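No lab work stands behind these numbers, since they all come straight from the coordinates. Computed from a predicted model, the values in this text were never measured in an experiment. Counting neighbours? That spans all protein chains shown, and the Cβs are built from the backbone with ideal geometry, glycine included.
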Amino acid sequence: MRAINIILFVLILIGIGLMVSQNRWVPVLVEYILEHDVVEDYRDGSYRVEGYLVTLVDGESDVPIVPDGSSRILTRYFGNELRKDIDGDGREDVVFFLTQERGGSGVFFYIAAALARDGGYIGVDATVVGDRIAPQSITSGPGRQVWANYADRAPGEPMTARPSVGRTLRLLLDTETRQFGEVVADFEGESNIPGAYKGR
């Protein structure tokens, strides 16, 4: 019996090693952290940005792109926050802009949210708004919608041009996946039908 237990233990260790080596546990760990990392201050929360887990400390995360590398990924809480119940549980959540710089010239802006839970907040997947845009405000749309207002460049303008064209990104949170989807602007009844948006 003892030999069987030892064999099972070794097989489990081999299985764990294979999963870790193939990064199969990474998505599972990220999901677990996002679900259970309840923080008092959402500026210290964990969020998924471009598929990667980002944990803020005092509103900032600074990590190397590769281990021991000089190039870094800098993620920051930007603000312009909106407080609104976006998951329909009766509690006031917080929606805000994040920025991320990845060692190049661009500054990418995202919409992120912290969902209210007992004892604090948990993060959701951040949704990209644009590169080197001029964020304006986050406003409350119909139903659970949130609208990100910003200025962008006109089609054909270079990235160096000053953003001057007003745009609005209408978002609705999928409460099961905790991911934002873009609302189809002219969809009839879009304010209360979750299927009225498309994932980003």
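Treating r as the C-beta distance of Arg117 and Met159 and R0 as 45 Å, the FRET efficiency rounds to 0.70. Using a simple spin-label model with pseudo-atoms 7 Å out from Cα toward Cβ, Arg102 and Leu74 lie 1.7 nm apart. Between Asp174 and Val63, the simple spin-label model (points 7 angstrom out along Cα→Cβ) gives 2.3 nm. A straight chain from Arg167 to Glu92 at 0.36 nm per residue would run longer than the Cα-Cα distance by 24.4 nm.
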